[in-house]
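Student: Could you have a look at this structure, given as structure tokens, before my questions?
The values are calculated or read from the model by the stated rules, or taken from the named source; none is laboratory data. Since the model is a prediction, treat every value here as computed from it, not as a measurement. When we count neighbours, we look across all protein chains shown, and the Cβ atoms used for this are built from the backbone with ideal geometry, even at glycine. We work out accessible area using only protein heavy atoms, side chains counted, and drop any ligands, DNA or RNA first. Shrake-Rupley method; radii C 1.70, N 1.55, O 1.52, S 1.80 Å.
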Protein chains: 2
Amino acid sequence: MFEYTLLATSGRARAGVLRTPHGDLPTPVFAPVGTQATVKTMTPRDLSELGATLVLANTYHLYLRPGSELVARMGGLHRFMGWSGPLLTDSGGYQVFSLKTLRKVDNDGVTFRSHLDGSTHRFTPEKVMAIQEELGPDIAVCLDECAPPLDRAYNEQATARTHVWAARCRASQRRTDQALFGIVQGGVFPDLREQSAHLITSLDFPGHAIGGLSVGESKEQTYATLDLLNDVLPKDKPRYLMGVGAAQDFFEAVARGVDMFDCVLPTRLARHGAALLKGRRLNLRNAQYAADESPIQEGCGCYTCQTFSRAYLRHLLAADEILGLHLLSLHNLHFLLDLMRRIRASILDSTFGQLAAAWQAAS
Amino acid sequence: MFEYTLLATSGRARAGVLRTPHGDLPTPVFAPVGTQATVKTMTPRDLSELGATLVLANTYHLYLRPGSELVARMGGLHRFMGWSGPLLTDSGGYQVFSLKTLRKVDNDGVTFRSHLDGSTHRFTPEKVMAIQEELGPDIAVCLDECAPPLDRAYNEQATARTHVWAARCRASQRRTDQALFGIVQGGVFPDLREQSAHLITSLDFPGHAIGGLSVGESKEQTYATLDLLNDVLPKDKPRYLMGVGAAQDFFEAVARGVDMFDCVLPTRLARHGAALLKGRRLNLRNAQYAADESPIQEGCGCYTCQTFSRAYLRHLLAADEILGLHLLSLHNLHFLLDLMRRIRASILDSTFGQLAAAWQAAS
């Protein structure tokens with residue numbers, strides 16, 4: 001279980017397959033985010049039709065509502081949300097550490113107040129493992145501390161804490177049908193990243209997540225960190241870059257050995273009326289599209305582009321019709337999932353460099 | 001074109017087929033309502049999969065936004081909203097007459113203020129025909145005046161006006177690929193209803209709509225009016241009971257010779273968290289369903305019931321997730337569309353009476 005098979009490389013880019021209890025996961029892979037046990041506006045069959053293979057759900061949100069114990073009683077997250085493919089949960093740490101005024105962290109864990117009702121809760125490594133074991137994803141991650149990427153002192157402390165917590169998560173794991181990924185931290189500091197990677201990989205996790213990137217540092221710093229980690233992280237296990245999902249980042253990160261991605265971007269943009277196009281975004285609320293008979297993108301194979309004009313989509317947004325959010329989410333997810341499929345195919349047939357160059361030229 | 005073929009009767013209940021430019025329409029039929037050129041939360045392919053055959057759109061709403069002229073430029077309503085089956089528009093009259101403080105009616109037409117921006121507009125029979133010819137549905141209806149059902153004096157005036165306006169609509173019709181239905185008014189007053197039916201049918205429309213019912217009168221009055229109209233309206237043309245869509249009403253009205261229905265109920269109830277069941281409604285926001293593993297209805301063939309528990313649906317509603325509205329709309333539409341299919345099948349095989357009795361007993 002959770003065997004990662006490397007099928008092909010193109011430079012440092014990797015195409016592989018990760019075995020999970022809910023099916024084989026071709027990598028590199030982009031996971032749509034289903035924060036509250038639903039990828040916003042999408043049914044599981046919509047996701048299957050889009051070719052989504054992996055879905056992420058949020059431990060923090062589901063712990064608070066409807067509660068992980070309830071999800072367990074309902075047969076686990078797969079059954080609860082009707083998704084039969086591989087599932088991934090985050091640790092909840094990122095959300096908790098984002099609750100600036102509502103949390104207090106110590107070496108043992110973090111105490112926080114719910115954003116829903118102000119009630120007080122505590123996450124420790126053991127608690128976060130218990131929650132994820134109740135939720136039942138195929139892949140769980142360790143509780144980590146995500147520090148501001150440019151704060152050296154904070155990152156020294158967070159890296160040390162993340163290591164201790166990773167060991168405690170590893171030790172408290174009970175389920176053998178879930179892969180637990182360790183998370184590497186260290187901000188933009190090469191020595192801390194290297195140290196964190198060595199500490200985390202020493203715990204022999206079946207996969208490694210890269211946290212604390214795309215949270216405020218420069219693109220150059222992101223890419224330099226990925227360059228460094230590609231050399232340190234074991235090549236026989238998958239690498240998961242958390243929270244990243246822009247098209248250009250796919251190329252840059254895959255070229256640096258990353259296998260897995262997740263991001264709320266496609267559905268969040270849809271809620272703002274924005275559609276993803278190569279190298280740009282289309283704000284469909286703009287009046288200029290009111291009589292535009294063309295689809296979002298000519299040649300796009302998604303249902304939205306095959307069926308509806310920009311004019312109709314703009315009408316739906318102007319009229320506050322939910323269908324508009326659904327159709328834009330569908331297009332945006334297709335855009336990223338389709339791109340990742342093409343990236344994977346290009347690694348398999350050794351044309352990744354050409355695909356990346358062509359994308360760069362057109363963007 | 002627009003030929004109505006009566007295939008079978010069961011008592012006064014009728015099963016037939018209405019030919020339209022966008023396909024044959026089996027009757028009796030229930031039309032989901034797509035007020036703003038979308039049945040709320042549903043894609044056209046969702047509707048097709050549910051077996052919807054006819055969709056209603058609102059002249060008033062589409063005239064105001066995005067504008068019927070724009071819809072015409074975009075190729076008409078079918079193309080604009082991606083629905084390739086038969087379409088029906090109302091006249092806009094019902095909405096305008098519901099704008100209590102914002103409208104002024106005279107013998108020539110009605111002046112009103114937009115609920116969107118307060119701008120002033122005027123509907124006359126000719127204007128409403130021009131709008132519907134721009135929108136391009138298969139079936140259009142005449143501008144009518146819908147009076148409070150128990151107000152005798154108002155109904156006398158409204159019936160006379162409705163007749164004059166019907167004649168003007170008929171005279172101003174240009175498109176030959178749209179069926180124009182006349183509308184019978186008259187409130188709960190048998191003599192007025194009979195008089196209105198005679199006047200309207202004398203104009204030789206290809207179908208007849210029954211307006212001004214289910215707007216405040218008793219069920220007995222509704223059914224007595226349908227009894228009366230069944231005798232007066234020609235049997236070789238379809239009868240359309242506007243704005244009615246409760247399951248029990250299907251049985252009562254079909255048993256009195258009605259062929260067509262529309263109602264916002266299934267999608268409106270969904271937005272309130274209510275699911276349709278035989279004889280009752282389930283309020284899925286209630287805490288009692290928080291850990292209920294059963295589907296909305298055991299044995300229901302809809303995607304929602306085949307895939308999700310009440311617990312999951314309640315979670316979606318509690319978490320304000322749009323998917324909850326979609327899945328409830330889908331179930332509610334399935335419930336009514338499936339019921340109407342069973343009613344039609346029972347007329348064809350002469351078991352309508354048994355089906356109606358069994359429904360009554362279980363409700």
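Student: Among the numbered criteria (1) in contact with a strand residue (DSSP E or B) (Cβ under 9 Å, 6 or more places away or on another chain); (2) surrounded by fewer than 24 Cβ atoms within 10 Å (Cβ to Cβ); (3) assigned to a helix (DSSP H, G or I), which one does residue B:165 miss?
Tutor: (2)
Student: Name the pairs: first residue in the stretch B:19-47 and within 11 Å of chain A (Cβ to nearest Cβ), second residue part of a strand (DSSP E or B), Cβ to Cβ under 6 Å, at least 6 apart or on different chains?
Tutor: B:34/B:55; B:34/B:57; B:37/B:57; B:39/B:32
Student: Additional query: Could you please let me know if residue B:328 is surrounded by 21 or more Cβ atoms within 10 Å (Cβ to Cβ), part of a helix (DSSP H, G or I), in contact with a helix residue (DSSP H, G or I) (Cβ under 9 Å, 6 or more places away or on another chain) and facing chain A (nearest Cβ under 7 Å)?
Tutor: Numbers: surrounded by 21 or more Cβ atoms within 10 Å (Cβ to Cβ): yes; part of a helix (DSSP H, G or I): yes; in contact with a helix residue (DSSP H, G or I) (Cβ under 9 Å, 6 or more places away or on another chain): yes; facing chain A (nearest Cβ under 7 Å): no.
In short, no.
Student: Restricting attention to the stretch A:101-128, and to residues there that are in contact with a Lys or Arg (Cβ under 9 Å, 6 or more places away or on another chain) and among the aliphatic types (A, V, I, L, M), which single residue is surrounded by the most Cβ atoms within 10 Å (Cβ to Cβ)?
Tutor: Taking the candidates together, the pick is A:110.
Student: Which residue, of B:285, B:281, is open to solvent by 40 Å² or more (accessible area, probe 1.4 Å), farther than 28 Å from residue B:14 by Cβ and either more than 14 Å from chain A (Cβ to nearest Cβ) or not in a loop (DSSP other than H, G, I, E, B) (or both)?
Tutor: Numbers: B:285 fails: either more than 14 Å from chain A (Cβ to nearest Cβ) or not in a loop (DSSP other than H, G, I, E, B) (or both).
So the residue among B:285, B:281 that is open to solvent by 40 Å² or more (accessible area, probe 1.4 Å), farther than 28 Å from residue B:14 by Cβ and either more than 14 Å from chain A (Cβ to nearest Cβ) or not in a loop (DSSP other than H, G, I, E, B) (or both) is B:281.
Student: Among the candidates B:294, B:350, which residue alone is at pLDDT 95 or above, touching a Ser or Thr at 6+ places or on another chain (Cβ under 7 Å), within 13 Å of chain A (Cβ to nearest Cβ) and assigned to a loop (DSSP other than H, G, I, E, B)? Don't jump to the end; show me each part of the working.
Tutor: Values: B:350 fails: within 13 Å of chain A (Cβ to nearest Cβ).
Result of the check over B:294, B:350: B:294.
Student: Check whether at least one residue in the stretch A:297-304 is in a helix (DSSP H, G or I), open to solvent by 30 Å² or more (accessible area, probe 1.4 Å), within 11 Å of chain B (Cβ to nearest Cβ) and farther than 23 Å from residue A:241 by Cα, and report yes or no.
Tutor: Yes: one or more hits.
Student: Separate question: Report, ordered by the first and then the second residue, all pairs with beta carbons closer than 9 Å, sequence separation of six or more or different chains, a first member in the stretch B:48-63 that is over 13 Å from residue B:34 (Cβ atoms), and a second member that is crowded, with 24+ Cβ neighbours inside 10 Å and among the charged types (D, E, K, R).
Tutor: Sorted first by the residue in the stretch B:48-63, then by its partner, the pairs are B:60/B:90.
Student: For the stretch A:338-348, enumerate the residues that are open to solvent by 10 Å² or more (accessible area, probe 1.4 Å) and either without any contact (Cβ under 8 Å) to a residue 24 or more places away in the chain or not acidic (Asp, Glu) (or both). It would help to see each step written out before you state the result.
Tutor: Step one: list which residues in the stretch A:338-348 are open to solvent by 10 Å² or more (accessible area, probe 1.4 Å), which gives A:338, A:341-342, A:344-345, A:348.
Those that are open to solvent by 10 Å² or more (accessible area, probe 1.4 Å) and either without any contact (Cβ under 8 Å) to a residue 24 or more places away in the chain or not acidic (Asp, Glu) (or both): A:341, A:342, A:344, A:345, A:348.
Student: Continuing with this model, one more query. Would you say residue B:268 is surrounded by fewer than 21 Cβ atoms within 10 Å (Cβ to Cβ), over 20 Å from the mean Cα position of the chain (by Cα) and away from every other protein chain (no Cβ under 11 Å)? Before the answer, list the steps.
Tutor: Values: surrounded by fewer than 21 Cβ atoms within 10 Å (Cβ to Cβ): yes; over 20 Å from the mean Cα position of the chain (by Cα): no; away from every other protein chain (no Cβ under 11 Å): yes.
Considered against the rule, which asks whether it is surrounded by fewer than 21 Cβ atoms within 10 Å (Cβ to Cβ), over 20 Å from the mean Cα position of the chain (by Cα) and away from every other protein chain (no Cβ under 11 Å), residue B:268 comes out as no.
Student: Shifting gears a bit: Does residue A:130 satisfy the criteria of being over 15 Å from residue A:211 (Cβ atoms) and either part of a loop (DSSP other than H, G, I, E, B) or out of contact with any helix residue (DSSP H, G or I) (no Cβ under 8 Å at 6 or more places or on another chain) (or both)? Before the answer, list the steps.
Tutor: Numbers: over 15 Å from residue A:211 (Cβ atoms): yes; either part of a loop (DSSP other than H, G, I, E, B) or out of contact with any helix residue (DSSP H, G or I) (no Cβ under 8 Å at 6 or more places or on another chain) (or both): no.
No; evaluated as a whole, the condition is false for this residue.
Yes/no per residue for (1) open to solvent by 10 Å² or more (accessible area, probe 1.4 Å); (2) more than 27 Å from residue A:254 (Cβ to Cβ):
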| position | (1), (2) |
| --- | --- |
| A:1 | yes, no |
| A:39 | no, no |
| A:44 | yes, no |
| A:80 | no, yes |
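Student: In addition: Of the residues B:144, B:231, which single one is charged (D, E, K, R) and out of contact with any helix residue (DSSP H, G or I) (no Cβ under 7 Å at 6 or more places or on another chain)?
Tutor: Just a single option satisfies the conditions, and that option is B:231.
Student: Now a separate question. Taking residue B:84 as the residue in question, decide whether it is surrounded by fewer than 17 Cβ atoms within 10 Å (Cβ to Cβ), within 14 Å of another protein chain (Cβ to nearest Cβ), under 20 Å from the mean Cα position of the chain (by Cα) and outside any loop (DSSP other than H, G, I, E, B). Outline the logic, then answer.
Tutor: Values: surrounded by fewer than 17 Cβ atoms within 10 Å (Cβ to Cβ): yes; within 14 Å of another protein chain (Cβ to nearest Cβ): yes; under 20 Å from the mean Cα position of the chain (by Cα): yes; outside any loop (DSSP other than H, G, I, E, B): no.
So residue B:84 fails the test.
Student: How many residues, within the stretch B:305-324, are facing chain A (nearest Cβ under 9 Å), buried (at least 20 other Cβ atoms within 10 Å of the Cβ) and either more than 27 Å from the chain's Cα centre (by Cα) or over 25 Å from residue B:43 (Cα atoms) (or both)?
Tutor: Residues in the stretch B:305-324 being facing chain A (nearest Cβ under 9 Å), buried (at least 20 other Cβ atoms within 10 Å of the Cβ) and either more than 27 Å from the chain's Cα centre (by Cα) or over 25 Å from residue B:43 (Cα atoms) (or both): 8 in total.
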